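> One structure, pasted below without further comment.
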Amino acid sequence: MSPARLSAALPRAMRLLRFHGPETAGPRLGLEVEEGGDVVDLNEAEPALPRSMRAFLESGERGLAAARRRVPGVVAVFRGPEVGAGCPPRSAPPRSALASGRHRLPRAGVRLLAPIDDPEKVICVGLNYRDHCLEQDVKVPKEPLIFSKFPSAIAGPFDDIVHPAESSEVDWEVELAAIVGKAGRHIQESVAMEHIVGFTVANDVSARDWQMRRNGRQWLLGKTFDTFCPIGPAIVTKDSVTDVHNLRIRCSVNGQLMQSSSTSQLIFRLPQLVAWVSQYVALGGGGNSNILVVQVLRGTPVDISHASQQGDEVQCEIEELGTICNKVV
């Protein structure tokens, strides 16, 4: 990590995740304390914390403050493995907590889950990369193109993508997802970033035949088959990201680089999108005690012309956020 990146990783920065451990009953909240390193079991370290990420985010600053108590100084920025390095192992033999600290588990001994699996809404924005518009020979949109996925489409960062028998044109798109953790309606651009708690990597899987030609050309079904939204590996709090609008974003399939772009190519940036969407739907409701956690999947990097086949391994990476890798079955 360069000195510039390191100086931007503040002591308050966190990588929040959900996991199954070798001796845990049900999903638990965790905190990654170094690059690809150990996982702190937050529910063991802070028993008062909820086990649901959505409930944790709804607890607001109280929950975040409890988690920060477990951050040992500066959290390293996670850059993820190089594209083409292949998917990491699915699992490893369970091992006990590291002797170097209480409530810590070695990364190899846990299974990472989707960092949040029950958002109220999954709001997506299409055609939001300038280079993708040029590639497709389409006009740069004047307004955000909004669509959605059902939360049931969410899968974990290393879970399988199920290729539905009903489609012959399944493909993938590496995406930046923003997790909204503060309620609001008619949010002003000037304060929009205050509503975002962090970011994660997403794979926007699509059945193009259903999206473009069937179901009356309504996008929903083609976008929301089960497992069509892998996310992870963690929610990286916004205070640890140097510049969310200047991150490398890449996707490879079976080790071959298929997409490469930068979030600097985004047409509509996060403050614009949060303000735009909140004109029409509440991002949360009833105050902070009833926060709705929203993922905003934004845009499409270049080159999406290759259909997935069973057995493909799709790896999506965003600089500073990490890497997810999913096998098509």
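The values are calculated or read from the model by the stated rules, or taken from the named source; none is laboratory data. Since the model is a prediction, treat every value here as computed from it, not as a measurement. Using ideal geometry, Cβ is built from the backbone for each residue, glycine included, and neighbour counts are taken over all protein chains shown. The accessibility values were calculated without ligands, DNA or RNA, using every heavy atom of the protein model including side chains. Shrake-Rupley method; radii C 1.70, N 1.55, O 1.52, S 1.80 Å.
> For a quick check of your reading of the model, give me the residue pairs whose first member lies in the stretch 41-68 and is assigned by the TED database to the domain that holds ARG18, whose second is polar (S, T, N, Q), with beta-carbon atoms closer than 7 Å and at least 6 apart or on different chains.
Matching pairs, first to second residue: LEU49/ASN43; PRO50/SER59; ARG51/ASN43; GLY60/ASN288.
> Residues that are in a strand (DSSP E or B), in contact with a Cys (Cβ under 9 Å, 6 or more places away or on another chain) and among the basic types (Lys, Arg): does the stretch 141-153 have at least one?
Yes, the conditions are met somewhere in the stretch 141-153.
> Quick one: what pairs do we get from the stretch 138-155, first residue surrounded by 15 or more Cβ atoms within 10 Å (Cβ to Cβ), second aromatic (Phe, Trp, Tyr), C-beta under 7 Å, 6+ apart or different chains?
PRO144/PHE268; PRO144/TRP276; PHE147/TRP219; LYS149/PHE228; ALA153/PHE225; ALA153/PHE228
> Okay, moving on. What pairs come up if the first residue lies in the stretch 253-276 and is without any contact (Cβ under 8 Å) to a residue 24 or more places away in the chain, the second is outside any helix (DSSP H, G or I), and their beta carbons are under 7 Å apart, counting only those six or more places apart or on different chains?
These pairs meet every condition: SER262/ASN246; SER262/LEU247; SER262/ARG248; SER262/ILE249; SER264/HIS245; SER264/ASN246.
> Still on this structure, please answer the following. Any chance you could count how many residues in the stretch 205-250 are open to solvent by 20 Å² or more (accessible area, probe 1.4 Å) and of a type in the set (Gly, Ala, Ser)?
Qualifying residue count for the region: 1.
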